[in-house]
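Encoded as structure tokens, the structure appears first; notes follow it.
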Amino acid sequence: MFDVAIIGGGPAGLSAAVTASVRNKKVAIFDSSDFSPHLRKASKVYNYLGLPDISGEELMNKFVAHAMSFTPEVIKNKVIGITQGEESFTIGTAGDIYEAKTIILAMGVSHSDTMNGERDFLGKGVSYCATCDGYFYKGKVVAAVSTVPSALEEVEYLAELCSEVKFLPLYKLTQVPKHSNITVVSDKPTGITGTERVTGLSTTGEYLPVQGVFIFRETDPIENLLPDLQLRGKSILVDEQMSTNVDGIFAAGDCTGQPYQISRATGQGLTAAWSAVSYLAKKAK
Ligand SMILES: Cc1cc2nc3c(=O)[nH]c(=O)nc-3n(C[C@H](O)[C@H](O)[C@H](O)COP(=O)(O)OP(=O)(O)OC[C@H]3O[C@@H](n4cnc5c(N)ncnc54)[C@H](O)[C@@H]3O)c2cc1C
């Protein structure tokens, strides 16, 4: 049981981890990638106070080293669902579940739009997790759409179960898939079609008749993680204490809206951690 589970290891999540650790809490950081691939892309960051002319990569490495000096538990896995229990929250990843008393959401923003039909067929042929749902597609033809190279492992796993995987990488594919039943399709997906369940995927090229569509992104739409969470547009609605509408869940950084900036993210991460610590203290009374 963690005191504070932080979903996302970018500037917001790592700042929250430092403050919660300083306050002697048992902290877990879930991060599905190499700690903020977004910020790592910045060749120069000019406006982070005290560290002028630093690259995003260097700044992120400093943030990671600082947070890791407190030895939080790091779980390099994507969180795919959160459920609220009486006294704690259950956090689900592709392979495991974890428990925490409070949660800080710091997932950044999804830079890719959802596909036509994606929401309509979620759970009816659309999935974000091969490990969780792949088994249901044993012997079937599925499509796998991916914006991240790291998902190739999930695509290979699908190929072990399915008769064929139509793989649409939305990035420059440099690694050839191992399984011979993976067909790489270079067309872009335009929409998921079906009636009760998925029956196909439209693309900029030919139509693909498939029984399932797996979508792999670095950050999934927020509402998939916790359906009760109140949003403002595409961002998580928070108050000044970084509290969400769900008691015990806080949010920080880009996932709470604009401006998308590092200083805002680290400041909000600190506030969210303070609020989580106060929440734990109130609960303990
Ligand atoms: C090219 C570029 C240049 C930039 N330059 C500047 C600049 O000069 N100055 C400035 O202030 N800002 C800059 N920014 C913006 C800055 O990078 C962001 O504001 C900042 O990174 C936000 O931090 P965050 O922690 O909220 O989110 P992110 O940094 O996006 O981190 C979120 C983390 O959560 C992980 N994650 C997401 N979903 C899940 C999940 N379900 N389970 C587990 N982990 C998950 C992601 O993999 C990621 O590691 C730039 C951004 C880009 C892309």
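The values are calculated or read from the model by the stated rules, or taken from the named source; none is laboratory data. Keep in mind the model is a prediction, meaning the values are calculated, not measured. All Cβ positions, glycine included, derive from the backbone under ideal geometry; neighbour counts span all protein chains shown.
Answer with yes or no whether residue 176 is more than 23 Å from residue 207 (Cβ to Cβ) and either charged (D, E, K, R) or out of contact with any Gly (no Cβ under 7 Å at 6 or more places or on another chain) (or both).
On the way: more than 23 Å from residue 207 (Cβ to Cβ): yes; either charged (D, E, K, R) or out of contact with any Gly (no Cβ under 7 Å at 6 or more places or on another chain) (or both): yes.
Yes; evaluated as a whole, the condition is true for this residue.
Tell me which of these residue 91 doesn't satisfy, since it passes every other one: (1) closer than 23 Å to residue 151 by Cα; (2) near the ligand (Cβ under 8 Å from one of its atoms); (3) touching a Phe, Trp or Tyr at 6+ places or on another chain (Cβ under 7 Å).
Here residue 91 clears every test but (2).
Restricting attention to segment 223-256, report how many residues are under 21 Å from residue 273 (Cα atoms) and more than 9 Å from the ligand (Cβ to nearest atom).
Filtering segment 223-256 down to residues under 21 Å from residue 273 (Cα atoms) leaves 225-226, 229-231, 235-256.
Subsequent filtering for residues that are more than 9 Å from the ligand (Cβ to nearest atom) retains 226, 229-231, 235-251.
Qualifying residue count for the region: 21.
In this structure, is residue 101 closer than 20 Å to residue 12 by Cβ, part of a strand (DSSP E or B) and among the basic types (Lys, Arg)?
Details: closer than 20 Å to residue 12 by Cβ: yes; part of a strand (DSSP E or B): yes; among the basic types (Lys, Arg): yes.
Yes; evaluated as a whole, the condition is true for this residue.
For segment 152-164, check the following and say yes or no: at least one residue is in a loop (DSSP other than H, G, I, E, B), under 26 Å from residue 226 (Cβ atoms), in contact with a strand residue (DSSP E or B) (Cβ under 8 Å, 6 or more places away or on another chain) and not aromatic (Phe, Trp, Tyr). Working first, answer last.
Going residue by residue through segment 152-164, those that are in a loop (DSSP other than H, G, I, E, B) are 162-163.
Retained after the next criterion (residues that are under 26 Å from residue 226 (Cβ atoms)): none.
There is no residue in segment 152-164 that is in a loop (DSSP other than H, G, I, E, B), under 26 Å from residue 226 (Cβ atoms), in contact with a strand residue (DSSP E or B) (Cβ under 8 Å, 6 or more places away or on another chain) and not aromatic (Phe, Trp, Tyr).
Counting only residues that are of a type in the set (A, V, I, L, M, F, W, C) and either within 6 Å of the ligand (Cβ to nearest atom) or in a loop (DSSP other than H, G, I, E, B) (or both), which one in segment 1-30 is surrounded by the most Cβ atoms within 10 Å (Cβ to Cβ)?
Initially, segment 1-30 is screened for residues of a type in the set (A, V, I, L, M, F, W, C), giving 1-2, 4-7, 12, 14, 16-18, 20, 22, 27-30.
If we keep only those that are either within 6 Å of the ligand (Cβ to nearest atom) or in a loop (DSSP other than H, G, I, E, B) (or both) as well, we get 1, 7, 12, 30.
On the way: 1: 11, 7: 26, 12: 33, 30: 24.
Among them, the one singled out is 12.
Please tell me if residue 134 is part of a loop (DSSP other than H, G, I, E, B), outside the structural domain of residue 82 (by TED's automatic domain parsing) and small (Gly, Ala, Ser). Give the derivation first.
On the way: part of a loop (DSSP other than H, G, I, E, B): no; outside the structural domain of residue 82 (by TED's automatic domain parsing): yes; small (Gly, Ala, Ser): yes.
So residue 134 does not fit the description; no.
Taking only pairs six or more apart or across chains, which ones have beta-carbon atoms under 7 Å, a first residue in segment 92-103 that is loosely packed, with under 14 Cβ neighbours inside 10 Å, and a second residue that is assigned to a strand (DSSP E or B)?
97/90; 97/91
Tell me, please, whether a residue that is surrounded by 14 or more Cβ atoms within 10 Å (Cβ to Cβ) and in contact with a His (Cβ under 8 Å, 6 or more places away or on another chain) can be found in segment 166-188.
For segment 166-188, residues surrounded by 14 or more Cβ atoms within 10 Å (Cβ to Cβ) and in contact with a His (Cβ under 8 Å, 6 or more places away or on another chain): absent.
Restricting attention to segment 226-264, which residues are free of Cβ contacts under 8 Å to residues at least 60 places away in the same chain and basic (Lys, Arg)?
Correct list: 232, 264.
Has segment 208-220 got any residue that is free of Cβ contacts under 8 Å to residues at least 40 places away in the same chain and either assigned by TED's automatic domain parsing to the domain that holds residue 86 or under 30 Å from residue 136 (Cβ atoms) (or both)?
Pass one, segment 208-220, residues free of Cβ contacts under 8 Å to residues at least 40 places away in the same chain: none.
So far as segment 208-220 goes, no, none of its residues is free of Cβ contacts under 8 Å to residues at least 40 places away in the same chain and either assigned by TED's automatic domain parsing to the domain that holds residue 86 or under 30 Å from residue 136 (Cβ atoms) (or both).
Can you confirm whether segment 31-48 contains a residue that is assigned to a strand (DSSP E or B), within 10 Å of the ligand (Cβ to nearest atom), in contact with a Cys (Cβ under 6 Å, 6 or more places away or on another chain) and not acidic (Asp, Glu)? Lay out the reasoning, then the answer.
Taking segment 31-48 and keeping what is assigned to a strand (DSSP E or B), we get 45.
Cutting the leftovers down to within 10 Å of the ligand (Cβ to nearest atom) gives us 45.
Pick out the ones that are also in contact with a Cys (Cβ under 6 Å, 6 or more places away or on another chain) and you get none.
Scanning segment 31-48, I find no residue that is assigned to a strand (DSSP E or B), within 10 Å of the ligand (Cβ to nearest atom), in contact with a Cys (Cβ under 6 Å, 6 or more places away or on another chain) and not acidic (Asp, Glu), so the answer is no.
Among the residues that make up segment 209-216, is at least one of them out of contact with any strand residue (DSSP E or B) (no Cβ under 6 Å at 6 or more places or on another chain) and either at pLDDT below 95 or over 30 Å from residue 171 (Cβ atoms) (or both)?
Within segment 209-216 (the criterion being out of contact with any strand residue (DSSP E or B) (no Cβ under 6 Å at 6 or more places or on another chain) and either at pLDDT below 95 or over 30 Å from residue 171 (Cβ atoms) (or both)), the answer is no, since none of the residues qualifies.
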